[in-house]
Amino acid sequence: MIYRVFAVLAFIAVIVGTFVLGGQQSETTAQTTIEEPLRDPGYAARDARLVQTGPDGQPLYTLDADVIRQQPDKDTVELSQAKLGFRDSNGNLWTARGERGEVGQDTGVVELSGSVHVAGLLPGSQQPAEIATDRLSFDTHTSIVNTRAPVTLTLPGQLIKATGLHATLKDGRVQLESRVRGMALTSRNQGPRS
């Protein structure tokens, strides 16, 4: 008899437990989800060209690179085998190239490094000029080239070496900073005169 009473009590406890627990589970629980802000994935491109235009819609400068890569959460774009093309205030085309580069997204400053060469025609003289260094910056808004590194400036009949350079391409002014030494070149082979 005790066995039957125990079985009935156990059965009643199971039924009561089912109703009690079932009633608690039937209540809807509000789930909160926290949405994270979308992350900028950055971008990359091969054989790419960036063109910055002025207010008149004409290109201020072009920037070509084997690889362009913008990393997430950075304000700069990295360049591989970069080539910059721009015109001075007289309309003369200048080019600058380097193994690596970096451009600020809102600054207009292009930093080039690794075998950097800048070439163009000097305003007013129409004479070719070339700047060779390991690193330099070019401000596309002001057409100013700067470097603190050793630099070689080649002009018709002249080869000038220095450390540091500040060149304003709009008016053809070049300022060499320190350790300036130059030599005249022969017109035949553009080598140093003996």
List, in order, the whole-Hz ³J(HN,Hα) value for each residue of region 73-82 obtained from phi through the Karplus relation with A = 6.51, B = -1.76, C = 1.60 and θ = phi - 60°; use x for Gly and Pro. 6, 10, 9, 10, 10, 8, 10, 10, 6, 8
Output ³J(HN,Hα) for region 137-149: one whole-Hz value per residue in order, computed from phi by the Karplus curve 6.51 cos²θ - 1.76 cosθ + 1.60 with θ = phi - 60°, and x for Gly and Pro. 10, 10, 8, 6, 7, 10, 6, 10, 9, 9, 8, 10, 7
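In a shell of Cβ-Cβ distance under 14 Å around Asp66, excluding Asp66 itself, what net charge do Lys and Arg (+1) and Asp and Glu (-1) give?
+2
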Would you be so kind as to identify which of Gln105, Leu121, Gly182 lies farthest towards the positive end of the dipole of region 45-184, taking Lys and Arg as +1 and Asp and Glu as -1 on Cβ and the Cα centre as origin? Gly182
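Jot down the per residue volume, in cubic angstrom and as a whole number, of the convex hull over the alpha-carbon atoms of region 45-184.
Per residue, the Cα convex hull of region 45-184 comes to 102 Å³.
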Please report the relative contact order for region 45-184, taking Cα pairs under 8 Å with a sequence separation of at least 6, and give it as a percent rounded to a whole number. 14 percent
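Laboratory data are not the source of any read-out in this text; all were calculated from the coordinates shown. Since the structure is predicted, the reported quantities are computational estimates derived from the model, not experimental observations. Because the Cβ atoms are built from the backbone with ideal geometry, glycine has one as well, and the counts that use them run over all protein chains shown.
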